[in-house]
Structure formats: structure tokens, C-alpha cells
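Student: What follows is a structure written as C-alpha cells; I'll ask about it next.
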Amino acid sequence: MLTARLVIGLAMTVVLLGIAGARLRYLWRLGSAAQPIEPGRRTSTGEIAKAELVEVVAQRKLFQWTGAGLAHAAVFWGFCVLLLTIVEGFGSLFTPTFQLPVIGNWPALGFFEDLFALLCVAAIVAFTIIRIRQSPRTEGRKSRFFGSHLGPAWFVLFMIFNVVWTLLIARGAQINAQEVNTTDRLPFLRGAFASQWFASLLEPLGRHTNEILETVFLLLALAVLLGFTVFVTYSKHLHILLSLPNVGLARRPRALGALLPVYSSGKEVDFEDPGEDDLMGVGKVEDFTWKGLLDFGTCTECGRCQSQCPAWNTGKPLSPKVLMMTLRDHALAKAPYLTASEEARAGLTPEQQAVATLPLVGPTGYAVEDPLAAYTASGPVAVIDPDVLWSCTTCGACVEQCPVDIEHVDHIVDMRRHQVLMESAFPEEASVMLNNLEHAADPWGRGASHRLDWAESLDFEVRVFGAAGEERIPDDVDYLFWVGCAGALDETAMRTTRAVATLLHEASVEFMVLGDGEACTGDPARRMGHEFLFQMLAQQNVETLNTAGARRIVVTCAHCFNTLANEYPQVGGHYEVVHHSTLLARLVAEGRLTPVAEVSSSVTYHDPCYLGRHNRIFSAPREVLGAVPGLRLTELPRNRERSFCCGAGGARMWMDENLGQRINVVRTDEALSVRPDVIAAACPFCITMLGDGVAQRQVEGTAAAGIEVVDIADVLLRSIRPDLTTDPVTTQGQQP
Ligand code: SF4
Ligand code: SF4
């Protein structure tokens, strides 16, 4: 019998591993058809090892969701420990009394193997409860599993359960099947409490029957495990194999910060002299890098990203999860074409030929309410609907949540780039903003001559670079104050600019502004996908800043902050950039600003995505507000990393929002739910969006008159210079 079990076990292993290996080779060839990765990803072994330890071994992101995180950790760690029992199982094919070298003598080994086997079963029960309670059938779009492949997920839970119980029975029978006390010959089984319990159940059947049971269940356990391995290579559970390389190669385990320049064949595209064959973004699935395809294949369909996405949660057709699944399914559908030689392509079936020519982005014809129809629609006319692509606010909530470090925003922007640069296909209303940027260097088209209007009503003089004939920023200037387009040209944001300037003046911080020397940083153009325009504006600004010798820059706009600090180094601009919330918190802490007057208001703070999630500035704005006497700070239900977008990012500020609910109104309602007198933010775009939301609710009569939406600097100023806060508070934001 031992020989038969060895032969059957080995034959099974060779056949099933062969099938899995062939599938992996096929996937490797598919990845090879994609673009090479851009330079600058994690390359040092130390960095990769740290990422694997934190994200994979310690399951950092999964633990952000306590229940599901614990269950996943139990299965993950359980499977790692169970791998030892698998090795023991294969060993016993050759030697019935096989044990692992060195640790095989420890009863603790058997104890932990059985403990983690039972933890796996407990986790399967927990997953079952979670999946039933959050079923899309009962929760609809609110379920994070809406759109996931549910059948395979249940099958995998069933398979994991099968691996555990077959192994435990095999080990129980193994204990009874030996002539002498097995625990003397296999000391690790002394601690295997669950296996011993099975052994006590099976003992009355006698040694011979237990011998048969040991063989049958050992082969069954190995068959289930090997079958599971094959299934993994054909299913979304490919993440079990792919998450290790995906996490190791991720550029950003958290929300993004900087977008990358446009790369083609692994090299940055030179927009002044582009090559003839240069790719401008992603127009076909094979235009993604192989890391992009790895992202799509690694998606676990857990729906954490979807549950946080402002677009999805306000009824738009974009779900970052469904987008990753769609791209993966399309890449797999196109794989026969992509992996075939030129001659072989001619022999593909008509369906395979049709998939190969399917446009990546275009009207799909399926209902906005039912993005999943894309999978089932017969003869779709495109893979991704433009409404999906243009619904993204680039808020980064998806990247922040994703447990396997998928970089959704980069993929969305890369597809936008192709649409804008190659197809000139983008929401029509955004063309006004792009035109204004091109001709007036600001999104409103007001022009440089108005960039100092904000300073006219101040009771001190603002130093303007070049006004006194200086060619370099003088040494006595502590900061160059980057005012930004909104700060200089939008009535509501000008109020913040004046507040910050006054506070710097009060703290004796010497600052200077560029006045008409400033141009838009290019953030809205870049998020739209118009990289050429971004490069133009960025190079113009960097030249101005470098010529002026700028070193330290303070900025009030979260988007300008992100671009200046994280993206200008890509075009030769290296500065120490500080957001005004950080600087004001520091000045208060140093005693250079002392809030004295009571502001007896209830204030809630909205974390701007580009300040908080993208740049991890969470404490400074709260420190500023916390320093104001009398102020009562109430947190929003979704705050810090889980803050809900105001709806302005990703150039959405300049696009109509015709689908679903308005994001700014949803966020405003959340803010109003904590009954504040003041909603504070630290970004002019958030203030405009939330101001619009409050104004709408006031008109509808669901928000009290007098609720203000202001910058944190404005609140601080009330406590430091109460004599100045006579500016009318505007809750009516200015839409372009
Ligand atoms: S960046 Fe924000 S809006 Fe865009 S897909 Fe991710 S969560 Fe949704
Ligand atoms: S993209 Fe990430 S967070 Fe979203 S479903 Fe896939 S694995 Fe989960």
C-alpha cells in the first residue's frame, strides 16, 4: 500500500503542479507583452523586505478592519504554519514516520500546527458570517462585495476547510497506524491535540483500518491542496501568489502624493522632442506596464477600495475594484492575441480577434447603475466607459485601503492621458479650464494682472519679488508665499490668503510673494491627463522659482502643496515646501502667535485629501484649531485617512457632476450631522465645495443660517486679531 500511495501521490503532484506551472508560464508571457516598468520602484532588498514584513506578514492594512482583518490574518498565518504539515505529508509518502529535521522533535510544533488549523476553521466561520451579513443581495451597492465574483470566493473557503479536516484525519489515523506508540517515533505529534482527538475517535476501528484511512486521507488532503493550487492560478485567488511581488514592487503603500511623468518603453517621454513611437498614456491594455497587469491580477476583490470611493458611494459608475477586475478580465481575454506570434494571430477565433480590437475606453452602452453588465453584455463596444474614467477625484482612498498595494490612481490617470493627448476626448466643460490654463495660466482665465488684488485691503505692505528691482529673493526673507490661483483670484480663497499673510506678519515672519510671476502649478491639467500642459506650466514655474533662488515656500492650497513638494522635483524644482497649517502650528507652539480671544464655536474639521491622505498632514490643522481658546472641536465621522473627498480633486472641480448624488453635498451632510457652527478646512477647493454644499442646504432649509465654511487660518485669526474679522463670511463658494 505504501508503494501505491507513493506512486499515486507523486503522479498527482506531477500532473497538477504541471497544470499550475503551465498556467503561470502563460501568465508570465502575458506580462511580458506589457510595457517595462518605469525606474524608481523599490529596488533595495531592505526596502522590499520591510514592505513584505509590514504589509504581508504583519497584515497592516487588513487590521484596519478589525473583524475581517483578524479572520484574514488567521487564515494567512494558519496557512503559513500548515505548510509545515504539507511538507510532513509529502515526506510521509516516502517514509511513514517522516518528521521535519530539528523542529520535528518538538511537541510544540504539533501544538502550533493544530492550533493554527483550528484558527483557520474559526476564520472560515467568521468569513462566512461577514459575507452573509454584507451580501450584495441584501445590501446592494452598499456591500463591498457588490461586483465581486462571489461563487469562487465561497468555493475557496470550502477548499480551505477541506484542506484542514482531511489533514487532521490523516494525522489522527497516522497516530493509530503504527505498531509502536507513534508519539515516541514522531515527538511532534505529542503536542498535536486536535490530531490526537481525531486519533481517539478512529482508534476503535483498529490499526489496519487506520492504515487505510491514513493513506486515503493523506492522498485526499494532497489532492485538495494541489487542486486548490491549480484553481488559484485560474482565479482571483491568484493574489495568494501575486501579492508578494506586488507589495514588494509597489511605489506607494499609501495614498499617492506624486503622479509619475509619462513613460514609454520604460523611458520618460520628452514632450519637447517626443519619439515617433512614444506612447502617450494607456490606450490599450498592453500599454500598461507589467506591474500594472500584476496589479490587476493581484486584486482580491475584497471591495475595501469600493467601500471608501466617493464616486461609487454617490452613485457614479466608477468602482476602483470593478475597474481592476474589468482590466484583468480584459487582459486575460486578450491574452491569446497578446501571447501569439504574428502568424498565429491570423488563426485566432473571430471572438478572440474581436477582443483584440476592442477599444479600451469608449461608450460601453451598459447602464450606469449596473457597471457589472460589462461582463455579461454580449458584444460590448468598449472595455471602460468614459464616465468611469472621468468620475475619479484622485482622492487616493482606494490606494490607501488596498491591502495588496494596488495603484489605481496611476492607472486611471494613464488612461486619461491617452484620452486627452491622443484622442482629445474629455468632458467638454473641462476644455474651458484647459484653455484658460494655456492662455492665462490660471483656471479661471483672470490673468496675471489680478494676482495681487487680495493684498489691497491689508493694513501692511506685502513684499513682491522684483518690485524693488531684486533679482534674487533677499536673505532676510524667511518664506516665499506661494499664493496659488484660488488664493489670488477666488473671492473665498482670497480671504484665507489675507488671513495667512496677516498671521505671518503678526508672527514677524518675513515673506515675499511672486505676484504676477506665479502661474498655475499645473495640478488640474496633470490630473485631467494633460501632461503636456502640466509640463509647460511646471517648467515655467520652476524656472521662475530657481531664478529667484527660492528655498523655502509656504503654500495654502493642498493641491499646490502636493505639486510643489512632490512633483516639481521631477522637473528640477527642489524646495522645502510647508503647508500653512504646519507653519501656523509651529508658530503657535513657539509662542510667536498667541491666540487670546475666545472663539466659542463648535468647529468640525474636514481633512483635504491632498493634505491628509496624500501627504499625511493630519495633526497640524487640529493643533491650530486646538490652540484657540473656547473652541470646541468635533471630529467628522470619517476623518484623517478615511476622510471623504469634497469632490473637487482630479480636476472634477471643473467638470459637471450629473451622475448620482453630488459628492460635496454628501460630505456637507456628514459635516452638518455633527451640528457645527463652523466647518473648517485647509484647502481652498474643499472650502468652495463645502461652502456650496452648505449654501444649497441652507436654501433647502435643512442647514441653519450662519453656518460658516472657512480655513483654519481664518479661525486662528479671530483669536489673534479679533478686530480684523469683519470680512463677510462667505458660505456660498464660487464655482468656475
Ligand atoms: S481615487 Fe478616489 S475617486 Fe478615484 S477611484 Fe480611488 S477612491 Fe474612487
Ligand atoms: S483593488 Fe485592492 S482594495 Fe480594491 S478590491 Fe482589489 S484588493 Fe481589495
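Student: Kindly provide the set of residues from region 412-451 that are open to solvent by 30 Å² or more (accessible area, probe 1.4 Å), closer than 30 Å to THR326 by Cα and not in a helix (DSSP H, G or I), ordered by number.
Tutor: MET422, GLU423, SER424, ALA425, PHE426, GLU428, GLU429 - these are the residues of region 412-451 that are open to solvent by 30 Å² or more (accessible area, probe 1.4 Å), closer than 30 Å to THR326 by Cα and not in a helix (DSSP H, G or I).
Student: Considering only region 569-579, I want to know if a residue exists there that is open to solvent by less than 30 Å² (accessible area, probe 1.4 Å) and under 30 Å from GLY706 (Cβ atoms).
Tutor: Checked against the condition, which is being open to solvent by less than 30 Å² (accessible area, probe 1.4 Å) and under 30 Å from GLY706 (Cβ atoms), region 569-579 yields at least one hit.
Student: Turning to a different aspect of this structure: Give the residues of region 496-512 that are closer than 18 Å to ARG552 by Cα and touching a Gly at 6+ places or on another chain (Cβ under 8 Å), sorted by residue number.
Tutor: Answer for region 496-512, where residues must be closer than 18 Å to ARG552 by Cα and touching a Gly at 6+ places or on another chain (Cβ under 8 Å): just THR497.
Student: Turning to a different aspect of this structure: I'd like to check something: does region 522-529 contain any residue that is over 36 Å from the mean Cα position of the chain (by Cα) and not in a helix (DSSP H, G or I)?
Tutor: no
Student: When only residues in region 283-304 that are of a type in the set (Val, Ile, Thr) and in contact with a Leu (Cβ under 7 Å, 6 or more places away or on another chain) count, which is nearest to ligand 1 (Cβ to nearest atom)?
Tutor: THR298
Student: Additional query: Scan region 600-632 for residues that are in a loop (DSSP other than H, G, I, E, B), within 22 Å of THR668 (Cα to Cα) and β-branched (Val, Ile, Thr) and jot them down.
Tutor: ILE617
Student: Before we move on, is LEU332 modelled with pLDDT under 95 and touching a Gly at 6+ places or on another chain (Cβ under 9 Å)?
Tutor: yes
Student: Filter region 1-11 down to the residues that are touching a helix residue (DSSP H, G or I) at 6+ places or on another chain (Cβ under 9 Å) and open to solvent by 40 Å² or more (accessible area, probe 1.4 Å), then identify the one that is modelled with the lowest pLDDT.
Tutor: For region 1-11, the residue satisfying everything is MET1.
Student: Same structure, new question: Please work out which residue is surrounded by the fewest Cβ atoms within 10 Å (Cβ to Cβ), limiting yourself to region 392-411 and to residues that are within 7 Å of ligand 1 (Cβ to nearest atom) and over 8 Å from the mean Cα position of the chain (by Cα).
Tutor: THR393
Student: Just one of ARG592, ARG586 is part of a loop (DSSP other than H, G, I, E, B), modelled with pLDDT of 95 or more, out of contact with any strand residue (DSSP E or B) (no Cβ under 8 Å at 6 or more places or on another chain) and assigned by TED's automatic domain parsing to the domain that holds VAL513; which is it?
Tutor: ARG592
Student: Check ASN313 against each of (1) closer than 20 Å to VAL420 by Cα; (2) within 15 Å of ligand 1 (Cβ to nearest atom); (3) not basic (Lys, Arg) and name the one condition it does not meet.
Tutor: So the condition that ASN313 fails would be (1).
Student: Within region 652-662, can one find any residue that is of a type in the set (S, T, N, Q), on the phi < 0 side of the Ramachandran plot and surrounded by fewer than 18 Cβ atoms within 10 Å (Cβ to Cβ)?
Tutor: Yes; the residues of region 652-662 include at least one that is of a type in the set (S, T, N, Q), on the phi < 0 side of the Ramachandran plot and surrounded by fewer than 18 Cβ atoms within 10 Å (Cβ to Cβ).
Student: Which condition does VAL322 not pass, out of (1) aliphatic (A, V, I, L, M); (2) buried (at least 20 other Cβ atoms within 10 Å of the Cβ); (3) free of Cβ contacts under 8 Å to residues at least 24 places away in the same chain, if it passes all the others?
Tutor: (3)
Student: Please find, within region 672-713, the residue that is farthest from LEU584 (Cα to Cα) out of those that are among the charged types (D, E, K, R) and open to solvent by 10 Å² or more (accessible area, probe 1.4 Å).
Tutor: For region 672-713, the residue satisfying everything is GLU700.
Student: Continuing with this model, one more query. I'm trying to understand the selection: among the residues of region 197-211, which are in a helix (DSSP H, G or I) and open to solvent by less than 70 Å² (accessible area, probe 1.4 Å)?
Tutor: PHE198, ALA199, SER200, LEU202, THR209, ASN210, GLU211
Student: Sticking with this one: Filter region 452-480 down to the residues that are loosely packed, with under 15 Cβ neighbours inside 10 Å and closer than 13 Å to HIS505 by Cα, then identify the one that is nearest to the chain's Cα centre (by Cα).
Tutor: Among those residues, the one meeting the criterion is LEU458.
Student: Would you pick out the residues in region 491-505 that are at pLDDT 95 or above and either part of a loop (DSSP other than H, G, I, E, B) or surrounded by fewer than 18 Cβ atoms within 10 Å (Cβ to Cβ) (or both)?
Tutor: HIS505
Student: Follow-up. Search region 541-568 for residues that are touching a residue at least 12 places away in the same chain (Cβ under 8 Å) and pair each with any residue that is charged (D, E, K, R) when their beta-carbon atoms are under 6 Å apart and the residues are at least 6 apart or on different chains.
Tutor: That search, which allows pairs on different chains as well, returns GLY549/ARG472; ARG552/GLU576; HIS559/ASP523; THR563/ASP523.
Student: So how many residues does region 234-279 have that are over 16 Å from ILE406 (Cβ atoms), aliphatic (A, V, I, L, M) and within 23 Å of the chain's Cα centre (by Cα)?
Tutor: Of the residues in region 234-279, 2 are over 16 Å from ILE406 (Cβ atoms), aliphatic (A, V, I, L, M) and within 23 Å of the chain's Cα centre (by Cα).
Student: Would you check if VAL383 is away from ligand 1 (no atom under 13 Å from the Cβ) and either modelled with pLDDT of 90 or more or over 23 Å from ARG662 (Cβ atoms) (or both)?
Tutor: In short, yes.
Every residue, every condition in (1) closer than 26 Å to ASN562 by Cα; (2) touching a His at 6+ places or on another chain (Cβ under 7 Å); (3) in a helix (DSSP H, G or I), yes or no:
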| residue | (1), (2), (3) |
| --- | --- |
| VAL665 | yes, no, yes |
| ALA671 | yes, yes, yes |
| VAL674 | no, no, no |
| GLY691 | yes, no, yes |
| GLN696 | no, no, yes |
| ALA705 | no, no, no |
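Student: Take TRP290 and tell me if it is of a type outside the set (D, E, K, R), within 16 Å of ligand 2 (Cβ to nearest atom) and touching a residue at least 12 places away in the same chain (Cβ under 8 Å).
Tutor: No; evaluated as a whole, the condition is false for this residue.
Student: For region 1-110, please list each of the helices (runs of 4 or more DSSP H) lying entirely inside it that holds at least 3 residues being under 24 Å from the mean Cα position of the chain (by Cα).
Tutor: 45-51, 66-94
Student: Then there is this: Could you say which residue among VAL230, VAL269, VAL247 is in the same structural domain as PRO403 (by TED's automatic domain parsing) and open to solvent by less than 30 Å² (accessible area, probe 1.4 Å)?
Tutor: VAL269
Student: Could you please find all residues in region 506-521 being assigned to a strand (DSSP E or B) and open to solvent by less than 10 Å² (accessible area, probe 1.4 Å)?
Tutor: MET512, VAL513
The values are calculated or read from the model by the stated rules, or taken from the named source; none is laboratory data. Computed from a prediction, not measured in an experiment: that's the story for all the values here. All Cβ positions, even for glycine, are placed from backbone atoms using ideal geometry, and neighbour counts span all protein chains on display. Heads up: the accessible areas ignore ligands, DNA and RNA and are worked out on the full protein's heavy atoms, side chains in. Shrake-Rupley method; radii C 1.70, N 1.55, O 1.52, S 1.80 Å.
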